[in-house]
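Heads up, the thing below is written out as structure tokens.
None of the figures in this text is laboratory data; all of them are computed from the coordinates on show. Please read these numbers as outputs of a predicted model, since none were measured by experiment. Here the Cβ positions follow ideal geometry from the backbone for every residue, glycine too, while neighbour counts run over all protein chains shown.
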Amino acid sequence: MLPVIWFCIVAVMIAMYVVLDGFDLGAGIVHLGVARNEDERRMVLKSIGPVWDGNEVWLLAGGGALYFAFPALYASSFSGFYLPLMIVLWLLILRGISVEFRNHIDNRIWKPLWDTVFCFSSALLAIFFGAALGNVVRGVPLNANGDFFLPLWTNFQPGPQPGILDWYTILTGVFAFLTLTLHGALWVNLKTENAIQARARSVARFAWFGVAALTVLVTIISFQIQTHLATSFQNLPLGYIFPALAIAGLAGMFVFLRKGADDKAFYASCAYILGMLTSVVFGVFPNVLPAVSDPNLSLTIHNASAPEYGLRIGLMWFTPGILLAASYTIFLYRKFAGKVQLEAGGH
């Protein structure tokens with residue numbers, strides 16, 4: 001039972017990270033498109049300024065929980081995915097320093113440089129995170145020791161010897177990019193006014209159609225790539241509640257955007273992302289990293305988890321810590337609710 005609980009905890013941590021940090025990644029993606037001058041760019045940055053670094057706490061919490069609860073998965077994935085993880089680390093660093101560095105020098109070259117770094121690092125992070133999820137759904141070439149190594153690409157086919165990038169993981173990367181673009185545009189639309197809000201709303205409406213089309217396409221292909229997904233839903237039909245949540249969120253975004261209900265449109269986006277991620281988690285369960293060649297070699301919640309005693313003690317310490325983090329997150333978002341306004345100077 002404890003491995004199941006920790007599997008759900010890790011899934012919740014990752015889902016919270018994608019929902020929360022996802023909108024400021026999306027704000028970074030649309031930054032150069034919806035903001036046309038210095039004041040408007042400051043407006044976009046201020047919309048995420050109080051929360052963007054706090055949102056990444058959920059990534060740390062998810063990584064920490066993964067390391068503690070499923071050490072075999074942590075060791076296997078961090079060695080097999082070494083190159084893309086280093087790329088993600090550099091992108092996170094570049095994105096963070098771009099937000100902080102842009103205001104250190106008032107120069108016509110300095111600020112546009114860091115604005116561009118902020119935009120492109122946000123976009124590449126979205127694509128890499130989507131490709132990573134595609135690798136987990138597709139599976140990796142695990143051996144009997146639970147080890148694997150993936151080159152960046154091989155023949156771009158999701159076969160028995162795939163690379164990190166193939167046509168399927170590239171598709172999931174593009175899907176993630178569009179999803180977070182929509183999510184971020186809805187956030188900017190919620191937090192700003194006037195021209196920048198109108199542009200963000202236009203981006204959201206345009207991106208919605210791409211997300212809707214790719215939702216159908218990626219879902220169909222994923223069930224063909226990973227047959228275990230269909231088995232999970234057939235064995236426990238209650239799991240259909242998760243894709244139903246995604247469908248409701250997708251429809252809600254369309255309806256609320258047309259009505260101009262900005263807050264409800266953003267919450268619908270959150271519901272859509274949660275529904276899609278929980279559908280994936282439910283579909284691969286009890287696997288935590290499927291094997292492409294032999295399903296018996298897959299890492300599961302049973303063969304990848306820590307000893308039960310450690311899981312029990314860890315749960316006792318983890319619970320108050322995550323409740324404290326959640327309480328602070330709620331306080332932070334309530335504190336900075338409403339439209340953003342620019343001061344006379346500064347960020």
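Taken over the C-alpha atoms, region 207-254 has Rg and Dmax values of 12.0, 34 angstrom.
Just to be sure I follow the definition: excluding the sites themselves, where is the longest run in the chain that has none of the GluC sites (Glu not before Pro) in a DSSP loop with at most 14 other Cβ atoms within 10 Å? The answer is 1-192. Stretched out straight at 0.36 nm per residue, the stretch from SER202 to ASN155 would grow longer than its current Cα-Cα span by 13.1 nm.
Full extension of the segment from TRP110 to MET86, taken as 0.36 nm per residue of separation minus the current Cα-Cα distance, would add 6.0 nm. Close amide-amide hydrogen proximity is noted between TRP153 and ILE164, LEU165, each under 5 Å apart and 5 or more residues distant or on a separate chain (H modeled in the peptide plane; Pro and chain starts excluded). Near LEU299, the amide H atoms lying under 5 Å from its own belong to VAL288, LEU289, ALA291; only residues 5 or more places off or on other chains count, and H is placed 1.01 Å from N. For region 38-110, what ratio Rg/Rh do Cα atoms give with a Kirkwood hydrodynamic radius? Rounded to two decimals, Rg/Rh equals 1.12. Proximity of backbone amide H atoms, modeled 1.01 Å from N, is registered between ARG102 and no other residue at under 5 Å, excluding neighbours fewer than 5 places apart on the same chain. Using a Cα-Cα cut-off of under 18 Å, which lysines could be cross-linked to LYS46, ignoring same-chain neighbours fewer than 8 residues away? Qualifying lysines at Cα under 18 Å: LYS111, LYS191, LYS335, LYS339.
Computed over the alpha carbons of region 139-184, Rg followed by Dmax gives 13.3, 42 Å. Post the alpha-carbon centroid distance, region 99-116 to region 203-217, in whole angstrom. Using only Cα atoms, the two centres lie 32 Å from each other.
In loop segments of region 288-347 as defined by DSSP, the trypsin sites (Lys or Arg not before Pro) with at most 13 further C-beta atoms inside 10 Å of their C-beta are LYS339.
Long hydrophobic helices in the chain, taken as whole DSSP H segments with a C-alpha length of 30 Å or more on their own axis and mean Kyte-Doolittle hydropathy at least -0.5: 2-34, 110-138, 167-191, 194-225, 262-284, 308-335.
For region 1-64, applying the loop criterion from DSSP together with a ceiling of 16 other beta carbons within 10 Å to the trypsin sites (Lys or Arg not before Pro) yields ARG36.
Which loop trypsin sites (Lys or Arg not before Pro) in region 84-169, with loop taken from DSSP, have no more than 14 other Cβ atoms within 10 angstrom of their Cβ? Within region 84-169, the qualifying trypsin sites (Lys or Arg not before Pro) (loop, at most 14 other Cβ atoms within 10 Å) are ARG108.
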